[in-house]
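First the structure, then my questions, so here it is.
The values are calculated or read from the model by the stated rules, or taken from the named source; none is laboratory data. Note that this is a predicted model, so its numbers are computed, not measured. Note that each Cβ is placed from the backbone with ideal geometry, even for glycine, and that neighbours are counted across all protein chains shown.
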Amino acid sequence: MNASYEWLKAIVPFDYTPEQLRDLITARCCPVDELVRLRADLASVVVGQVVEAGAHPDSDHLWVTKVDAGKGELLDVVCGAPNVKVGAKYPFAAAGTTLPGGLKLEKRKIRGATSNGMLCSARELGLGEEHDGILELNTNLPPGAPFLDAMPVGDTRIVVDVTPNRPDLLSHVGIAREIAAATGGTAALPTLDGATAKVPAAARGDREGSAGPVRVTLEDPEGCPRLTGVFIRGVKVGPSPAWLVERLVAVGSRSINNVVDATNYMLHEVGQPMHAYDAKLLAGPAIVARRARAGETLRTLDGVNRTLDPSMTVIADAERAQGVAGVMGGSTSEVSDATTDIFLEVAYFDPSSIRRTRRALQLSTDASYRFERGVDIEGIPRALERAAQLLIAVAGGSIEGAPIDLYPVPRHALSITIDSARVAKLLGEPVAEPDIATLLAPVGFAVGAFANARASVTVPTWRPDVTQSVDLVEEIARLRGYDSFSNELRPFRRGTVPNSPLAVLTKRVRERCVSAGLLEALSMPFVRGGDDSHVKLANPMAEDEGYLRRDLLETLAKRAEHNLAQRHRDVRLFEIGSVFAPTPAGLPREEMRVAAIVLGHRHPPHWSDTSAPDFDEWDAKGLAELIATAIGGAAQTELRAAPDSSALWEVAIYGEARGVVRRLALDAPVWAPAAFGVEITLVHVSSAPVAPPGQSKLEHPDLGAPTSHFNFKPFPSTPSTFVDVALLVPNDLAVSRVESVIREASGELLESLSLLSEYRGAGIAEGFRSVAWRLTFRHPERTLRDKEVAGRRDKLLRTLEGELGVRQRTT
Amino acid sequence: MSTTLADLVAQLDAFRDATLAQLAVADSLDALEAVRASSVGRTRGALNDYKAQLPKLAGADKPTFGARFNAVKVELEAAIDARHAALSASAPAAAALDLSMPARRQWRGAKHPVTIVLEEIEGIFRDLGFTIATGPEAEHEWYNFGALNFPPDHPAMDMHDTLYLERGGLLRTHTSPVQIRTLQSYPPPIRIIAPGNVFRRDFFDASHAPMFAQIEGMAVDEGISFVDLKATLANFANRFFGETKTRFRPSFFPFTEPSAEMDVACRICNGAGCATCKQTGWVEILGCGMMHPAVLESAGVDSQKYSGWAFGMGPARMALQRFGIPDIRIQYDSDIAFLEQFAQ
Ligand SMILES: [Zn+2]
């Protein structure tokens, strides 16, 4: 909503500056996005400070000054004003600026002294006839600041971001009402020049009637609960008077002609959209509010041919649609220079019907915006009367017959019971009963007498958002001022909700990834997808973002590629995010996952190193182990052979396949190192409804199971002893298989098993490798004898040969 | 007494460690040569003694020890060569370590700036007695809108341009569905915050992204009031921004009544007005309000007995302000040059 500061002031007197008004509207109603000074022709004039002033050597009335205009250097400016003072600030127009009136300033010499611009008088700025000297500014703003900030002149447009619940604020009257409530003043419509025509009382009817020669019929009272109109004969279409043009320009609207401007003025002043038809172009002449016929077409005022359907309400003449009701008029009956007779339609259209229509037509107008939010159905007769008066004042003509008002089911004002005890309880501070009435009355609520803490409140018809007592609580709070309520922190009871296991796990995994030197990435979950394996969006923003990711590595790989494109060689990223898989019906299966990608140097290269190795498969495997053990603990984590060749390993937690480690084929430059990816599922996130609407399904408010702990092992007090074995392992036999046989055969005294080396080549048969382990044995109570260890080793070697056919390396 | 493999390997390792220790203090080429001669030297080198032990081992142990022996020999020779190179390079002789040279570093990880802000917010609310709740990102329309008192065909829907899924459901436009899920699952008193990603059909620009983090908060109990709401959020603001002025002003959300927005004094101009705060001196931080009775009822909570407040704020935009990041799109590039700045 664009409001004009001067227009508001014409409705309600106040002393606020535009800034103060902005703060008041923001504090009591809704935020103000912007203040726009409308003297844009002064936009390039700045605050200039005279730093030096000396007499012109060749003139007795000129001064040569040095002016600071915020440009970082002082400008030489010749000035003829007798009142120029060193240190004072004046409006300054630099060379190149065009002044109001069209004078373009240029750098020039005045009697031999260079002048880079002009210190201006009020008259030179179009601010009056005063020419006694240059205009001294009383401002704290620094040199170079816009002059309009130092001295607001001309009207100011106040851009109010009206929330969807407050249609009453979509007009100057509505905003003025709020200002009046703050100041204690009264809002009243200003008298308009010549708007004195006597408007006869409207003829009331249900479904039909006449306004002058025009037959008016209401066929669709659902889409159009109230239809009013007036016939004006003998208008002269032409330009609007200056004051009207100025008002419309101030709110950002364009002047079209006096008739259309009058209706636009009413829209902005009282918030009631209306439409003027050239009555001679109406077949009948008739006006009918009805549903559109299937396939009915209409060329709207914007020149677009539109196809309508029966869900839409139209205003038609005896033959065809002449306008989409509440959205836009049609071009056939548009008011033109040749128009002499007018039918002015003022109506109330059903908000949700308007919303559906304007969405279907993708056509949003100032009118549809207001109807969609709800105009004041009871304000229509007053709006019609004022509009007719204004129209006649600016375009002439006279009313023929009486206006018509078809209103089959009059609305009753809503009454709500307010309970002052409940108000106090919800707001946390009592509001005295007399104060409740004092706060609510100025914005149109009628508060009855309180009895037993209760009173009946009648809601003004322009406030469709107020339907229950809690809405009145908001009115009371905002009108008293939200900031007038205490910020005192009061005691509270501890909640029953345990921390979400998902949040706890996510945090633990994230800490681990960070401590492993990974950087947390954030990627959009939208992918090109294109097949049944991905969840499809019904209304994607772009064709290549039509699906949701199924794996984190899908989108994280793109982030790695972005880094390679930025010529970053060492990329270590992780991400924790959701992935989605389609289900036959209903919502996707959603999982929270963690993924990591590493490529490039394993460590930052150091000057003393002779080589700087890159990340390899073993780093990726280690990373997967590190992350997976944050989920299930070491005992529950296993990295096993991947079921297919797309991955290197499968990550199993609690025996369940939960992730993969893979080599990544990135879209990468030739210099890019090999890339490895890890992806592990943290949890399945259920989207099943907790309970049917209106019901709950309370869980026992437990505090969460204690996290599983491992048992502390006492430090050993006996020495350990070890044996190293080197085995010839066939290439196709997994080392993990050999290790499990070693563990089993070695018994409980085996404290640790560590792989020392793998060797292929000279001395080792083709198809084999030599793998060496160190087995560390320890008895908890005594020192192991060499013989015992040797015995275990012999048994182990026999078992290995027996079970796996694996022998010791002998060469 | 026969020599066991274990004994021998232990001795070999001890010898290796001792030799490495000597190398570390050999601060001249002469000293280094002395170490070389006494360790791996062909004639006087002590390593030879270990090789001499080989025949005493059981046949099966020989290759194990042999491999170990070779590994130690290679390691020591490499260490001596490296030391030699270092000493030669740092002529004149006897140069000490230049301690000003750079350390050997590890890669440093970092949380995303949005996570950093989120965790800070979580920490403050944890101190105020809140626990963390979560919910799905793909939601039922009822949880996202219906339960939250969004009237169908109402302009309020325009504030939530929604991404719908082809097979039904939508991507949640706010974290508020977690309010309903939590209320349906646990009895009051409830004090939760719910961080998570939300989605809007907003095209990328400097301050909008189609997916962004949000954090929801909710307190429900008997007698919860607007004063509790203001006090808790003002307390939060003072802790998050440092001692600061806050301003509460009217707003509109279908699921709260009264609805409010909280602003804090602009940190850049200290309230005087600047481009960041659109000359107002205030910066919007969060939307909040008393929970609408219809919302409590839709989750099966008796709105006569209980009342509550809720808020929602955007850590992504708060991260822009906190770290002076000029454009929200940078947060989604995941450029190393950006992320490494947070590895403090
Ligand atoms: Zn500022």
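Identify, by number, the condition in (1) within 16 Å of the ligand (Cβ to nearest atom); (2) facing chain A (nearest Cβ under 10 Å) that B:PHE241 doesn't meet.
Unmet for B:PHE241, out of (1) within 16 Å of the ligand (Cβ to nearest atom); (2) facing chain A (nearest Cβ under 10 Å): (2).
Quick grid of which residues meet (1) more than 25 Å from A:LEU784 (Cα to Cα); (2) surrounded by fewer than 14 Cβ atoms within 10 Å (Cβ to Cβ); (3) touching a Cys at 6+ places or on another chain (Cβ under 8 Å); (4) in contact (Cβ under 8 Å) with a residue 60 or more places away in the chain:
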{"site": "B:ASP7", "(1), (2), (3), (4)": "no, no, no, no"}
{"site": "B:ALA10", "(1), (2), (3), (4)": "no, yes, no, no"}
{"site": "B:PHE15", "(1), (2), (3), (4)": "no, no, no, no"}
{"site": "B:GLU33", "(1), (2), (3), (4)": "yes, no, no, no"}
{"site": "B:THR43", "(1), (2), (3), (4)": "yes, yes, no, no"}
{"site": "B:ASP49", "(1), (2), (3), (4)": "yes, yes, no, no"}
{"site": "B:LEU54", "(1), (2), (3), (4)": "no, no, no, no"}
{"site": "B:GLY59", "(1), (2), (3), (4)": "no, yes, no, no"}
{"site": "B:PRO63", "(1), (2), (3), (4)": "no, no, no, no"}
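Could you please give the count of residues in the stretch B:263-297 that are within 16 Å of the ligand (Cβ to nearest atom) and assigned to a strand (DSSP E or B)?
Looking only at that region, the number is 7.
While we're on this one: Is it the case that the stretch B:249-261 has a residue that's under 19 Å from B:MET318 (Cα atoms) and at pLDDT 95 or above?
So far as the stretch B:249-261 goes, yes, one or more of its residues are under 19 Å from B:MET318 (Cα atoms) and at pLDDT 95 or above.
Go through (1) more than 7 Å from every other protein chain (Cβ to nearest Cβ); (2) buried (at least 21 other Cβ atoms within 10 Å of the Cβ); (3) basic (Lys, Arg) one by one and return the number of the condition B:ARG200 breaks.
For B:ARG200, the failing item is (2).
Which condition from (1) within 16 Å of the ligand (Cβ to nearest atom); (2) touching a residue at least 40 places away in the same chain (Cβ under 8 Å); (3) within 11 Å of chain A (Cβ to nearest Cβ) is the one that B:GLN184 breaks?
Answer for B:GLN184: the failing condition is (1).
Can you give me the ranges of the strands (runs of 3 or more DSSP E) entirely in the stretch A:83-170 with at least 1 residues that are within 36 Å of the chain's Cα centre (by Cα)?
Where strands (runs of 3 or more DSSP E) fall fully within the stretch A:83-170 and carry at least 1 residues being within 36 Å of the chain's Cα centre (by Cα), they are A:156-160.
If a residue counts only when it is within 14 Å of another protein chain (Cβ to nearest Cβ) and touching a helix residue (DSSP H, G or I) at 6+ places or on another chain (Cβ under 6 Å), which strands (runs of 3 or more DSSP E) contained entirely in the stretch A:564-675 have at least 3 such residues?
By residue number, A:571-581, A:589-599.
Just one of (1) crowded, with 17+ Cβ neighbours inside 10 Å; (2) closer than 23 Å to A:GLU6 by Cα; (3) in the same structural domain as A:PHE371 (by TED's automatic domain parsing) trips up A:LEU192, so point out which.
(3)
Further question: Can you give me the number of residues within the stretch B:259-297 that are more than 31 Å from the chain's Cα centre (by Cα) and over 23 Å from A:LEU21 (Cα atoms)?
8
Matching residues to (1) in contact (Cβ under 8 Å) with a residue 12 or more places away in the chain; (2) over 23 Å from B:PHE338 (Cα atoms); (3) surrounded by fewer than 21 Cβ atoms within 10 Å (Cβ to Cβ); (4) touching a Leu at 6+ places or on another chain (Cβ under 9 Å):
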| site | (1), (2), (3), (4) |
| --- | --- |
| A:VAL527 | yes, yes, yes, yes |
| A:ASP532 | yes, yes, yes, no |
| A:HIS562 | no, no, yes, no |
| A:VAL579 | yes, yes, no, yes |
| A:LEU587 | yes, yes, no, yes |
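Given the conditions (1) away from the ligand (no atom under 16 Å from the Cβ); (2) within 11 Å of chain A (Cβ to nearest Cβ); (3) surrounded by 21 or more Cβ atoms within 10 Å (Cβ to Cβ); (4) not in a loop (DSSP other than H, G, I, E, B), which single one is not true for B:PRO254?
Condition (4) is where B:PRO254 drops out.
Further question on the same structure: Inspect the stretch B:267-287 for any residue being closer than 30 Å to B:GLY146 by Cβ, touching a Phe, Trp or Tyr at 6+ places or on another chain (Cβ under 9 Å) and surrounded by fewer than 24 Cβ atoms within 10 Å (Cβ to Cβ) and give the result as yes or no.
Yes, the stretch B:267-287 contains at least one residue that is closer than 30 Å to B:GLY146 by Cβ, touching a Phe, Trp or Tyr at 6+ places or on another chain (Cβ under 9 Å) and surrounded by fewer than 24 Cβ atoms within 10 Å (Cβ to Cβ).
Hey, another quick one. Go through the stretch A:491-503 and count every residue that is in contact (Cβ under 8 Å) with a residue 24 or more places away in the chain and in a helix (DSSP H, G or I).
Qualifying residue count, the stretch A:491-503: 2.
Against the definition (part of a strand (DSSP E or B), touching a residue at least 40 places away in the same chain (Cβ under 8 Å) and within 14 Å of another protein chain (Cβ to nearest Cβ)), how does A:ASP33 come out, yes or no?
Considered against the rule, which asks whether it is part of a strand (DSSP E or B), touching a residue at least 40 places away in the same chain (Cβ under 8 Å) and within 14 Å of another protein chain (Cβ to nearest Cβ), A:ASP33 comes out as yes.
Additional query: Would you confirm whether or not the stretch B:304-312 contains a residue that is aromatic (Phe, Trp, Tyr) and surrounded by fewer than 23 Cβ atoms within 10 Å (Cβ to Cβ)?
yes
For the stretch A:7-19, name all the residues that are at pLDDT 95 or above and part of a helix (DSSP H, G or I).
A:TRP7, A:LEU8, A:LYS9, A:ALA10, A:ILE11
Separate question: Exactly one condition in (1) within 16 Å of the ligand (Cβ to nearest atom); (2) under 18 Å from B:PRO189 (Cα atoms) is not met by B:GLY308; state its number.
With respect to (1) within 16 Å of the ligand (Cβ to nearest atom); (2) under 18 Å from B:PRO189 (Cα atoms), B:GLY308 is out only on (1).
Would you mind finding the one in A:LEU797, A:LEU775, A:LEU682 that is under 17 Å from B:THR64 (Cα atoms), in contact with a Ser or Thr (Cβ under 9 Å, 6 or more places away or on another chain) and at pLDDT 90 or above?
Just one listed residue meets the conditions, A:LEU775.
Any residue at all in the stretch B:224-237 that's more than 16 Å from the ligand (Cβ to nearest atom), over 33 Å from the mean Cα position of the chain (by Cα), assigned by TED's automatic domain parsing to the domain that holds B:LEU171 and farther than 26 Å from A:VAL32 by Cα?
yes
The conditions are (1) crowded, with 23+ Cβ neighbours inside 10 Å; (2) within 16 Å of the ligand (Cβ to nearest atom), and B:ALA260 fails exactly one of them. Which is it?
Looking at each condition in turn, B:ALA260 falls short on (2).
Every residue in the stretch B:105-135 that is touching a Ser or Thr at 6+ places or on another chain (Cβ under 8 Å), hydrophobic (A, V, I, L, M, F, W, C) and at the interface with chain A (Cβ under 7 Å from one of its Cβ atoms), please.
Passing the criteria: B:ILE132, B:ALA133.
Still on this structure, I have one more. Which of the residues belonging to the stretch A:438-459 are surrounded by 18 or more Cβ atoms within 10 Å (Cβ to Cβ) and either hydroxyl-bearing (Ser, Thr, Tyr) or within 13 Å of A:ARG480 (Cβ to Cβ) (or both)?
A:LEU439, A:LEU440, A:PRO442, A:VAL443
Only one of (1) surrounded by fewer than 23 Cβ atoms within 10 Å (Cβ to Cβ); (2) within 10 Å of another protein chain (Cβ to nearest Cβ); (3) outside any loop (DSSP other than H, G, I, E, B) is not met by A:GLU554, so which one is it?
A:GLU554 satisfies every listed condition except (2).
Every residue in the stretch B:238-258 that is in contact (Cβ under 8 Å) with a residue 60 or more places away in the chain and within 29 Å of the chain's Cα centre (by Cα), please.
B:ARG239, B:PHE240
Kindly indicate whether any position in the stretch B:199-207 is at pLDDT below 95, within 16 Å of the ligand (Cβ to nearest atom) and of a type in the set (Lys, Arg).
No, because not a single residue in the stretch B:199-207 is at pLDDT below 95, within 16 Å of the ligand (Cβ to nearest atom) and of a type in the set (Lys, Arg).
Listed residues A:GLU803, A:GLU781, A:GLU758, A:GLU744; which is surrounded by fewer than 18 Cβ atoms within 10 Å (Cβ to Cβ) and under 60 Å from the mean Cα position of the chain (by Cα)?
Being surrounded by fewer than 18 Cβ atoms within 10 Å (Cβ to Cβ) and under 60 Å from the mean Cα position of the chain (by Cα) holds for just one of A:GLU803, A:GLU781, A:GLU758, A:GLU744, which is A:GLU758.
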